[in-house]
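Notes for the one structure printed next.
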Number of protein chains: 2
Amino acid sequence: MEIPALSDIKRAHQRIERFIQYTPVFTSDSLNTITGANLYFKCENFQKTGSFKLRGATNAVLSVRPEERSAGFATHSSGNHGQALAYAAKIAEVPAYIVMPENASKVKIKAVEGYGAEIVLCKPTEADRVNTCNEVIKKTGAALIPPFHDPRIIAGQATAAKELIEDTEDLDYLLTPVGGGGLAAGSALAVKYLTPSTKFIIGEPKNADDTYRSFREGKVIPVKNPDTIADGLRVTVGQLNFEIIKDIASDIVTITEEEIMEAMKLVWERMKIIIEPSSAVPFAVVLKQKNIFEQKNVGIIFTGGNVDMSNLPF
Amino acid sequence: MEIPALSDIKRAHQRIERFIQYTPVFTSDSLNTITGANLYFKCENFQKTGSFKLRGATNAVLSVRPEERSAGFATHSSGNHGQALAYAAKIAEVPAYIVMPENASKVKIKAVEGYGAEIVLCKPTEADRVNTCNEVIKKTGAALIPPFHDPRIIAGQATAAKELIEDTEDLDYLLTPVGGGGLAAGSALAVKYLTPSTKFIIGEPKNADDTYRSFREGKVIPVKNPDTIADGLRVTVGQLNFEIIKDIASDIVTITEEEIMEAMKLVWERMKIIIEPSSAVPFAVVLKQKNIFEQKNVGIIFTGGNVDMSNLPF
């Protein structure tokens, strides 16, 4: 697998821009006062399907030649990637098969169904998810669209940072969270290609700190028993994703569960927008290390806004 | 007290526009699909101080000649008007005295303090609020800025609807909630002056339906024991406010507590923005009477986003 070039990111943007929401960049006097920084928040919580994941999924789907798309696409996901692929397949007018654990929330199942995808339930184990997905692919001929470990996904996710960079001036820092590393690797590449003087910093939950440890060790160290409210960040970083991040990121900062919840609550209360816990992680980095970001221009990607309202942490 | 003319509303807008946030008009494919209408939401939840109330308070404060402002301004409020007047006085660089019941939430007290106002606590009864406020005025020479029953307040609140009308085309309907009627009367006038073919409809909690009953009877009937989650709408409509509403509104629709919460949750989940319960009331009217609004262009003012996160209804 090759690292996406700038031309790949630009082509991805052209390919998907008709189908995605061009999300706004929000500022907040109140949060600038609290942090001392000039914060620019890229609001992917307003993206269609509720997260940035639509960018990568749409790019991956539309990268497949039309004559090879007809059998549709498949993935296993209990979260935002499943919704994103369901929507992307709808754009391409082909079937989507989303393998979801049988204990997935009804809200999420309903959302995926709402985009017209076929849901295949499996046991809630990693092994059964993979097996079930393989069976579906064998039976239907659908092509697998993985959630992050794929150059097409990385190039697609990079377009969020590209828009943020194009809509702001002289960012001193750009921050994202990291889970599998689709957004983190894509954003890292956007920084490297478009604004190399900007420092790229990653926030990661302390309770799922595989990328932090991998970054220190120089090789991927899988996550063990991740137990974090940031449900999008519970996976181990992909190999290609890690190679990109390792070369470009200035630092990875770990964030406790209390810090995630505090940062999330602050955004809800002061900005009056709903972000999911994963989105709060990079903002928590700024709250934690105010001295570094003081008087700096800081871009942060709010990854999504899919929150289970009946199960809030406050 | 005179009903504000179009020129009063225009002057109010010129007076306050440097100090307030020009709030965006949001649309939502998802809520358009659910309702069948084309919805345009004026997001006063993004207004400074978290609600539209800043418009009226700022207009009232800046309407007083500078040489007569120095003793400052006073009001009694446990809610958004208190924060708004505190902020408006800060704009004018004069003192603000906000009388608040001693059982007001710490979050609200902190917010008012944060704008530099002096808080005077009183017993949580209407009589003690009024008495304490009168004492403060006597002692300090501050001028009273009432929350809604005042032409300067009505003209200021009208600017939200004015912006919504100017930012959209051919609205078939414009909806607001009604509490004391500052926003409702101001919006009614904006419709009458700027887009008379638009129908103006009001939503009101069934559990605080004084304006609904007043509208039917043709005279103000005070609210009794209002018990609604829509905390901004628990007061009786003002006399001047009612006279304006009575002549212009096409209808007033009452909304149950369950309908308010359902509408609020839907906005949080689908639009990823935080609105307070009062904001959900006019949207609940559209959900309730879909047949009326189907395929129509419908403007709705989201009044504010000040919600106690530790006391959510879901």
Out of all the residues in the stretch A:84-103, which are under 19 Å from the mean Cα position of the chain (by Cα) and modelled with pLDDT under 95? A:100
Of the candidates B:54, B:31, the one satisfying the condition of being away from chain A (no Cβ under 12 Å), within 15 Å of residue B:305 (Cα to Cα) and in contact with a Phe, Trp or Tyr (Cβ under 9 Å, 6 or more places away or on another chain) is B:54
Residue check, residue A:149 against (1) assigned to a loop (DSSP other than H, G, I, E, B); (2) farther than 30 Å from residue A:70 by Cβ; (3) open to solvent by 40 Å² or more (accessible area, probe 1.4 Å), all met but one. Which one? (2)
I'd like to check something: does the stretch B:190-204 contain any residue that is at pLDDT 95 or above, more than 19 Å from residue B:153 (Cα to Cα) and in contact with an Asp or Glu (Cβ under 6 Å, 6 or more places away or on another chain)? yes
Within the stretch B:216-314, considering only helices (runs of 4 or more DSSP H) that don't extend past its boundaries, which have at least 3 residues that are within 14 Å of another protein chain (Cβ to nearest Cβ) and surrounded by fewer than 20 Cβ atoms within 10 Å (Cβ to Cβ)? B:257-271
Please state which of the following conditions residue B:108 fails to meet, knowing it meets all the rest: (1) part of a helix (DSSP H, G or I); (2) of a type outside the set (Val, Ile, Thr); (3) more than 21 Å from the chain's Cα centre (by Cα). (3)
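Anything in the stretch B:36-51 that is away from chain A (no Cβ under 13 Å) and farther than 18 Å from residue A:48 by Cα? List them, or say none. Before the answer, list the steps.
We begin by selecting, within the stretch B:36-51, every residue away from chain A (no Cβ under 13 Å); these are B:36-40, B:42.
Residues satisfying the conditions are B:36, B:37, B:42.
The values are calculated or read from the model by the stated rules, or taken from the named source; none is laboratory data. All figures in this text were calculated on a predicted structure; none of them were measured in a lab. Please note: Cβ atoms are built from the backbone with ideal geometry, for glycine as well, and neighbour counts cover all protein chains shown. To get the accessible areas, we keep the full protein, side chains included, count just its heavy atoms, and leave off ligands, DNA and RNA. Shrake-Rupley method; radii C 1.70, N 1.55, O 1.52, S 1.80 Å.
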